[in-house]
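Down below is the structure, laid out as structure tokens.
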Amino acid sequence: MTTQPPPHPYPVTLEGDLEPNLSRGLWLVKWLLLIPHFIVLFFLWIAAFVLSVVAFFAILFTGRYPRSIFDFNLGVLRWNWRVGFYSYYALGTDRYPPFSLDPVPDYPARFDVAYPEQLSRGLVLVKWWLLAIPHYVVVSILVFGWDSGSVGHETRWVASVGLTGVLLLVAAVVLLFTARYPRGIFDLVMGCNRWAARVAAYALLMRDEYPPFRLDQGGREEGLSRPRPEDPAAGRSGDWPS
């Protein structure tokens, strides 16, 4: 019986290592502790949006994503994920996230996107809105959730807590009373975050490969032929096979 080789990894990597001894109640005040990060990220995301518009035209006319803009946007995504892993994307660590756009190999949350040497000029016109619509629907359910309500004769849809929010609420309550984070919930939460991260990188024009409709659970990416990010020998973004 032959063994099937692991699938070729998608060129967007999101990983997180669940801390074994989490505080029972720190999650109650993490939103307060993270206010400085939220302020910085607000302005970073404005800059990332503006630079993505610049990258759009660069790809349209040259087929290349300017490396300096790519590295900055990747840094914003990386910073955002570290803050999210500490807080209410995963609650996976109590270690305060660093203020940095650069990779931090020893931090328990890691994010990377392999740099594309060439991108499609035509695909850039449609992938971020038209082609990504099915994924936006899925991510909205996984992360945000939607609910309907009637106002008079009209039915309106409003944002509500998505699957990730429900799972994290359960995990937080269990953590509060037992000092344990259910591993199954963590793995599923990581799968939801990984799906959203792949779509975010695609929508920001960083890759042409269409994100898979696949919930890859667990803290680590499977099938990667590169050193683990916490290994000091690991290379910078783009140094692993895409």
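The values are calculated or read from the model by the stated rules, or taken from the named source; none is laboratory data. These figures come from a predicted structure and were not determined experimentally. Heads up, the Cβs are rebuilt from the backbone with ideal geometry, glycines too, and the neighbour counts pull from every protein chain shown.
Key figures
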read-out	value
Residue in the range 206-221 that is hydroxyl-bearing (Ser, Thr, Tyr) and farther than 18 Å from ASP94 by Cα present	yes
Residue within the range 218-237 that is buried (at least 19 other Cβ atoms within 10 Å of the Cβ), farther than 27 Å from ALA47 by Cβ, at pLDDT below 95 and of a type in the set (D, E, K, R) present	yes
Filter pass, ARG64 being of a type in the set (Lys, Arg), in contact with a Leu (Cβ under 8 Å, 6 or more places away or on another chain) and either buried (at least 17 other Cβ atoms within 10 Å of the Cβ) or modelled with pLDDT of 95 or more (or both)	yes
Residue within the range 113-123 that is over 27 Å from GLU221 (Cβ atoms) and not hydroxyl-bearing (Ser, Thr, Tyr) present	yes
Residue, farthest from LEU77 (Cα to Cα), within the range 154-199, restricted to residues that are among the aromatic types (Phe, Trp, Tyr) and either surrounded by 21 or more Cβ atoms within 10 Å (Cβ to Cβ) or at pLDDT 95 or above (or both)	PHE177
Test: residue in the range 27-47 that is touching a Lys or Arg at 6+ places or on another chain (Cβ under 8 Å) and buried (at least 18 other Cβ atoms within 10 Å of the Cβ)	no
Helices (runs of 4 or more DSSP H) contained entirely in the range 1-118, each with at least 3 residues that are within 18 Å of the chain's Cα centre (by Cα) and either of a type in the set (A, V, I, L, M, F, W, C) or within 25 Å of LEU142 (Cβ to Cβ) (or both)	35-62, 67-86
Single residue of LEU215, LEU188 found to be more than 15 Å from TYR10 (Cα to Cα) and either part of a loop (DSSP other than H, G, I, E, B) or aliphatic (A, V, I, L, M) (or both)	LEU188
Residue match in the range 48-61 (condition: in contact with a Pro (Cβ under 9 Å, 6 or more places away or on another chain) and over 16 Å from TYR115 (Cβ atoms))	yes
Where a residue in the range 1-25 is within 28 Å of TYR210 (Cβ to Cβ) and surrounded by 10 or more Cβ atoms within 10 Å (Cβ to Cβ) and its partner, wherever it lies, is β-branched (Val, Ile, Thr) and modelled with pLDDT of 95 or more, with Cβ under 6 Å and at least six apart	VAL12/VAL113
Some residue of the range 99-107 being polar (S, T, N, Q), at pLDDT 95 or above, surrounded by fewer than 17 Cβ atoms within 10 Å (Cβ to Cβ) and under 27 Å from TRP31 (Cβ atoms)	yes
Condition met for SER150 (in a helix (DSSP H, G or I), at pLDDT below 95 and farther than 20 Å from ARG110 by Cα)	no
